[in-house]
Amino acid sequence: MSEALPPLSPEELLRRGAAALGVPLAPGEVERYLRYERELRDWNARMNLTAAAEPGEVVVKHILDSLACFRVVSAGAGVRVLDVGTGAGFPGMVIKIHAPETPVTLLDSTRKKLAFLEHLSDVLGLSGVETVHARAEDAGRDPGYRERFDLVVARAVAELRVLLELCLPFVRVGGQFLAMKGPRGDEEMGPAARALSLLGGERERVESLSLPFGAGERRLILIRKRRPTPRAYPRKAGTPGRWPL
Ligand code: SAH
């Protein structure tokens with residue numbers, strides 16, 4: 001269970017939370033996250049993008065949670081990043097804001113979420129954000145996306161064995177896939193062992209961390225791609241979830 005947040009402004013939660021995570025923020029970065037939170041709240045009032053939440057909760061449970069990925073991976077100009085099932089941009093948009101030189105692709109099957117992310121990208125003055133409206137199973141077969149990314153990330157999309165089939169096809173051999181999971185994430189490793197080896201991945205490390213302000217435990221599962229993914233994967237849209245490997 002997570003505890004109630006301390007009575008701090010969203011700005012203070014961001015500053016102190018990032019420091020507690022050990023992820024230093026650049027000048028101007030906090031303002032961008034605050035604008036992100038405001039835009040998300042504004043769009044949420046008109047279309048349901050995420051479960052409604054207080055600003056402090058969004059800052060801690062979405063933004064700081066996304067920033068935690070920097071505990072295990074790095075980004076930058078030479079690192080092509082793809083966020084599969086990005087939703088309202090977590091963690092992909094946070095990666096872009098924290099490391100703006102990084103070319104970031106945000107993929108989701110829901111058009112309105114991508115419309116929000118395009119708007120956000122404009123108001124924050126970000127460049128080098130690509131949105132892709134597709135099912136991961138379809139984009140993963142497209143030569144323009146298949147095995148093209150150095151780092152693929154996903155948060156709250158599917159259980160690990162399903163997620164591996166959706167995500168590993170996008171990773172270049174030698175690249176990484178990061179699954180951002182809750183406290184029981186490591187329990188998904190066993191059932192995912194077969195998928196991992198079929199798809200050409202290898203476990204690199206699993207990092208356990210506590211979000212600041214008692215907001216919960218996280219498991220960051222980092223996979224290294226060692227071999228190309230066989231052409232049979234991903235199977236057609238819907239199959240990975242219905243009949244997991
Ligand atoms: N990563 C975000 C959103 C999680 S909700 C976050 O952590 O907040 C899951 C998202 O994945 C939804 O936006 C849904 O549209 C998308 N999604 C689920 N299955 C998908 C698939 N097969 N291909 C593409 N997007 C998918």
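Just one of the listed residues (E165, E147, E101) is farther than 22 Å from L49 by Cα, within 11 Å of the ligand (Cβ to nearest atom) and in contact (Cβ under 8 Å) with a residue 12 or more places away in the chain, namely E165. Among residues of the range 43-77 being at pLDDT below 95 and acidic (D, E), the one that is surrounded by the most Cβ atoms within 10 Å (Cβ to Cβ) is E57.
What helices (runs of 4 or more DSSP H) completely inside the range 1-120 contain at least 3 residues that are among the hydrophobic types (A, V, I, L, M, F, W, C) and within 30 Å of G241 (Cβ to Cβ)? Even if it seems obvious, please write down each step before you answer.
Values: elements: 10-21, 29-46, 55-58, 92-98.
In the range 1-120, the matching helices (runs of 4 or more DSSP H) lie at 92-98.
Considering only residues in the range 104-120 that are farther than 16 Å from N44 by Cβ and away from the ligand (no atom under 11 Å from the Cβ), the one that is farthest from the chain's Cα centre (by Cα) turns out to be E118.
The values are calculated or read from the model by the stated rules, or taken from the named source; none is laboratory data. Model, not experiment: these values are computed from the prediction. All Cβ positions, glycine included, derive from the backbone under ideal geometry; neighbour counts span all protein chains shown.
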